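Read through the structure below, which is laid out as structure tokens, and then see the notes.
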Amino acid sequence: MNENIIEVSNLKKKFPGVQALKGIDLKIPKAMITGIVGPNGSGKSTLLKIISGLIVKDEGQVNINRKIRGRHLMEDIAFLPEINHLYRWMTVSEIIKFHEEQFADFSTKKAEELLGFMNLKAEQKINNLSKGMVARLKLILVLSRSAEILILDEPLAGIDPASRERILETLIGEFDSANQSIILATHEIIEAERFLDHVIFMEAGEIMLEGNADDLRAARGKSIRELIGEVFE
């Protein structure tokens, strides 16, 4: 049986007017690619931000490697938010340098190698980048870390359909499956499905279905994309 990298129990979070997470229980397997799918407002981003330590839970517990999540464990997580969190006045090379100074596990060499593949130049100002270019730069910054857990919130948002599969191939190619785990929330299930080992279906702050991707397909006789239509109809 596969070991779990993250275990969540009775996790609750409320924002004004909405219960974002309704006491969810969840186990995310180690050394696998886990996809979280669900409609907007389902609680995916809230869950990822609590795991990453960016927002505080109301109730429940988050264990990482069987330890209660704390500040000392945050260095094990590289988080890619859906929003553009980069300093727009910086150049690409300056944001790479900034991340090198912020994170001990960041590889500038790796980031520079990925620039060419992502069609970005070191001298470009972030303020002048398109939405798709910013999305590619955010991926570079996360993939250049050797953190044990990579958490990606809509990593393909803003990237043109023709480039998504190529970029996913790069993501998987850079993924160290012996030492890393990937958790990603995505709406781009057509491109992402074949890369997923484990899938979590969320709606309205609750887990509707979860399991090994191959087991779910075999048990239901449907693709993950088809199951999305069934679960959320």
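Brief remarks on what is shown
- Here the condition is being open to solvent by 70 Å² or more (accessible area, probe 1.4 Å), at negative phi and of a type outside the set (Phe, Trp, Tyr); of ARG145, ARG88, it holds for ARG88 alone.
- Any hit, the range 109-121, residues being within 27 Å of ILE64 (Cα to Cα) and surrounded by fewer than 21 Cβ atoms within 10 Å (Cβ to Cβ): yes
- Taken together, the residues in the range 171-187 that are open to solvent by less than 60 Å² (accessible area, probe 1.4 Å), in contact with a helix residue (DSSP H, G or I) (Cβ under 6 Å, 6 or more places away or on another chain) and farther than 15 Å from LEU48 by Cβ amount to 1.
- Selection over the range 38-49 of residues that are in a loop (DSSP other than H, G, I, E, B) and open to solvent by 40 Å² or more (accessible area, probe 1.4 Å) gives a count of 3.
- Contacts under 7 angstrom Cβ, first residue in the range 220-233 being more than 13 Å from LEU209 (Cα to Cα), partner hydrophobic (A, V, I, L, M, F, W, C) and surrounded by fewer than 16 Cβ atoms within 10 Å (Cβ to Cβ), 6 or more apart: ARG225/ILE190
- Selection status of LEU21, in contact (Cβ under 8 Å) with a residue 24 or more places away in the chain, surrounded by 22 or more Cβ atoms within 10 Å (Cβ to Cβ) and in a strand (DSSP E or B): yes
Quick grid of which residues meet (1) touching a strand residue (DSSP E or B) at 6+ places or on another chain (Cβ under 9 Å); (2) more than 17 Å from ALA147 (Cβ to Cβ):
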position	(1), (2)
MET90	yes, yes
HIS99	yes, no
GLU112	no, yes
PHE117	no, yes
ASN127	no, yes
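- Selection status of SER144, over 14 Å from the mean Cα position of the chain (by Cα) and under 17 Å from ILE182 (Cβ atoms): yes
- Residue pairs whose Cβ atoms lie under 6 Å apart, separated by 6 or more positions or on different chains, with the first residue in the range 119-139 and more than 22 Å from PRO161 (Cα to Cα) and the second open to solvent by 40 Å² or more (accessible area, probe 1.4 Å) and in a helix (DSSP H, G or I), are ALA122/SER93.
- Residue check: MET202 meets all listed conditions (1) under 26 Å from LYS12 (Cα atoms); (2) assigned to a helix (DSSP H, G or I); (3) open to solvent by less than 10 Å² (accessible area, probe 1.4 Å) but one, namely (2).
The rows are residues; the columns are (1) surrounded by 15 or more Cβ atoms within 10 Å (Cβ to Cβ); (2) closer than 25 Å to SER146 by Cα; (3) under 14 Å from the mean Cα position of the chain (by Cα).
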| residue | (1), (2), (3) |
| --- | --- |
| LEU11 | yes, no, no |
| ILE28 | yes, yes, yes |
| ILE36 | yes, yes, yes |
| ILE51 | yes, yes, yes |
| PHE79 | yes, yes, yes |
| SER93 | yes, yes, no |
| ILE96 | yes, yes, no |
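- Scanning the range 56-69 finds one or more residues that are in a loop (DSSP other than H, G, I, E, B), out of contact with any Ser or Thr (no Cβ under 9 Å at 6 or more places or on another chain), modelled with pLDDT of 90 or more and acidic (Asp, Glu).
- Identity of the residue in the range 205-223, within 18 Å of the chain's Cα centre (by Cα) and closer than 22 Å to ALA31 by Cβ, that ends up surrounded by the fewest Cβ atoms within 10 Å (Cβ to Cβ): GLY211
- Subset of the range 148-162 (residues that are open to solvent by 20 Å² or more (accessible area, probe 1.4 Å), free of Cβ contacts under 8 Å to residues at least 40 places away in the same chain and either hydroxyl-bearing (Ser, Thr, Tyr) or in a loop (DSSP other than H, G, I, E, B) (or both)): GLY158, ASP160
The values are calculated or read from the model by the stated rules, or taken from the named source; none is laboratory data. The structure displayed is predicted, hence computed values, not measured ones. Glycine gets a Cβ as well: all are built from the backbone with ideal geometry, and neighbour counts include every protein chain shown. Heads up: the accessible areas ignore ligands, DNA and RNA and are worked out on the full protein's heavy atoms, side chains in. Shrake-Rupley method; radii C 1.70, N 1.55, O 1.52, S 1.80 Å.
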